[in-house]
Amino acid sequence: MAFTGFGPDITFLGVPRCDLDDVSTYADADIVILGAPLDGGTNYRAGTRFGPSALRQACYLPQDGSRPSLALRVDGLKDLRVYDAGDVEFHNGHIEQAVELIEAAVFKVSSAGAIPIILGGDHTIAWPDHTGVARQHGFGKVSMIHFDAHADTGDIHLGSLVGHGTPMRRLIESGALRGDRFLQLGLRGYWPDEPVLQWMAAHGLRSYEMTEIVARGLETCLTEAFQIATSDCEGVFLSVDIDVCDPGHAPGTGTPEPGGFSARQLLDAVRRICYELPVLGVDVVEVSPPYDHADITALLGNRVVLESISAIARRRKDEAQGTSWDPRQPLLEGREVGEQLRLIAAGDEARRRGEGTPRPHHH
């Protein structure tokens with residue numbers, strides 16, 4: 001593991017480094033971030049090899065390893081032990097080898113008791129990402145919630161079994177993922193074709209196309225998906241293809257499809273999943289910086305990662321303290337105010353009302 005030549009030598013927002021070859025550097029980790037700079041599986045616009053670097057640095061705040069969440073009232077990067085192991089090293093021209101190396105790296109993290117968060121890279125990596133987690137927790141015991149414009153359940157694509165249009169079929173065929181514990185949200189457009197849809201139906205997939213989501217409501221569909229995802233499984237793997245969002249919200253991606261989620265919808269959904277469900281792994285894929293504009297897509301992807309970490313931190317805090325997060329709580333309600341600040345504020349209010357020291361008169 002090392003940082004590659006696809007960007008500056010930095011960690012995700014400044015969190016500490018670790019070395020996957022030295023387990024002592026992440027033995028206490030809650031979360032380990034990995035980069036998988038793969039775009040050898042794309043069939044249209046490439047560039048996702050630059051995704052991990054963009055996701056690590058896309059923020060206007062300092063790279064100081066701290067991000068207090070206004071909504072969740074936790075600092076996920078501080079409250080949890082979060083490390084960055086750098087990028088998995090491979091050659092983009094050797095995609096089969098790349099998949100094996102990514103799976104081995106993810107398994108190392110999962111077997112150490114940490115949650116891997118993998119920064120893609122194209123969606124090919126979902127196959128080794130989920131498999132690496134399933135090797136630790138059991139084949140068929142890790143469900144998947146998959147946000148995407150595309151089903152990614154193709155069979156042979158451009159003559160290859162490995163690519164960003166086929167990872168979910170490879171997962172289900174391998175037994176790592178049960179078809180009836182695979183939930184997709186955000187599908188739309190004009191692919192896949194009927195034979196692939198029939199394969200999906202035969203294997204029990206639950207795929208929420210955008211028309212259904214609009215008609216029934218995203219929150220209703222999520223709640224239904226949660227019930228399926230947590231039945232007879234140890235936990236959930238969350239896979240987020242940034243093209244689930246409308247290209248107006250995420251232009252920097254390889255296969256954009258109009259009519260998708262807003263950035264707000266995606267962030268709220270990710271927060272719900274990581275707060276309400278036992279998440280065992282996360283990947284964020286298909287951010288292609290060469291096609292981005294003003295870092296719109298990279299910023300959103302960065303926030304998807306942060307929202308995941310913050311929600312996991314809040315879930316653990318509430319489990320430890322017996323509390324419960326209320327999304328309806330006003331921002332400033334219940335926040336502790338120090339005595340000195342309280343006295344200053346009281347003095348300011350008294351002066352505003354004319355109750356303090358009278359102002360001097362000028363003659």
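Observations on the structure shown:
- Against the set (1) 56, 49, 40; (2) 78, 69, 47; (3) 91, 49, 42, the structure's computed Cα extents along the principal axes in Å falls on (3).
- Relative contact order, percent, the chain [alpha-carbon distance under 8 Å, six or more residues apart]: 19
- Annotation: amide H-H contacts under 5 Å for ILE33 (H modelled 1.01 Å from N, sequence separation of 5 or more, or interchain): TYR83, ASP84, ALA85, ILE117.
- Taking amide H atoms as placed 1.01 Å from N in the peptide plane, the amide H of LEU38 lies under 5 Å from those of GLY121, ASP122, each 5 or more residues away in sequence or on another chain.
- Cβ-defined net charge surrounding VAL196, 12 Å radius [Lys, Arg +1; Asp, Glu -1]: -3
- Between the helical axis of 95-111 and the longest alpha-carbon principal axis of the chain there is an angle of about 50 degrees.
- Surface accessible to a 1.4 Å probe, CYS245 within the full protein complex, Å²: 0
- Relative to the longest principal axis of the Cα atoms of the chain, the long axis of helix 263-276 lies at roughly 90 degrees.
- Listed values for the stretch 299-314 are Karplus-derived 3J(HN,Hα) couplings in whole Hz (6.51 cos²θ - 1.76 cosθ + 1.60, θ = phi - 60°), namely 4, 5, x, 4, 6, 4, 5, 4, 5, 4, 5, 5, 5, 5, 4, 5, and x replaces Gly and Pro.
- TYR190 versus GLN97: modelled label distance in nm, points set 7 Å from Cα along the beta carbon direction: 3.9
- Set of the stretch 58-72 residues, backbone N closer than 19 Å to the point 7 Å along the Cα-Cβ line of ASP326: 70-72
- DSSP-assigned coil residues among trypsin sites (Lys or Arg not before Pro) in the stretch 278-340, each with at most 10 further Cβ atoms within 10 Å: ARG328, ARG335
- Inter-part distance where the stretch 201-252 and the stretch 38-112 are each reduced to a Cα centre, Å: 22
- Remark: the stretch 211-228, residue by residue, has Karplus-estimated 3J(HN,Hα) of 4, 5, 4, 5, 5, 9, x, 4, 4, 5, 5, 4, 4, 5, 4, 4, 4, 6 Hz, where x stands for each Gly or Pro and the curve is 6.51 cos²θ - 1.76 cosθ + 1.60 at θ = phi - 60°.
- Calculated P(r) tail over 18 Å for the stretch 50-145, as whole % of Cα pairs: 55
- Accessible surface ranking that places the most exposed of HIS249, HIS164 first, with a 1.4 angstrom probe: HIS249, HIS164
- 3J(HN,Hα) from dihedral phi, the stretch 177-183, Karplus parametrisation 6.51/-1.76/1.60, rounded to Hz, x for glycine, proline: 10, 6, x, 7, 10, 10, 10
- Qualifying lysines (Cα of each under 20 Å from Cα of LYS78; at least 8 residues distant if same chain): LYS317
- Across the stretch 238-363, Cα pairs under 8 Å and at least six residues apart give a relative contact order of 24 percent.
- Net charge over other residues, Cβ less than 14 angstrom from the Cβ of LEU171 (K, R count +1; D, E count -1): -2
- Residues whose placed amide H lies under 5 Å from that of ARG206, excluding near-sequence neighbours: PHE182, GLN184
The values are calculated or read from the model by the stated rules, or taken from the named source; none is laboratory data. Remember, it's a predicted structure, so these values are computed and weren't measured experimentally. Note that each Cβ is placed from the backbone with ideal geometry, even for glycine, and that neighbours are counted across all protein chains shown. The area values use the complete protein model at the heavy-atom level, side chains included, leaving out ligands, DNA and RNA. Shrake-Rupley method; radii C 1.70, N 1.55, O 1.52, S 1.80 Å.
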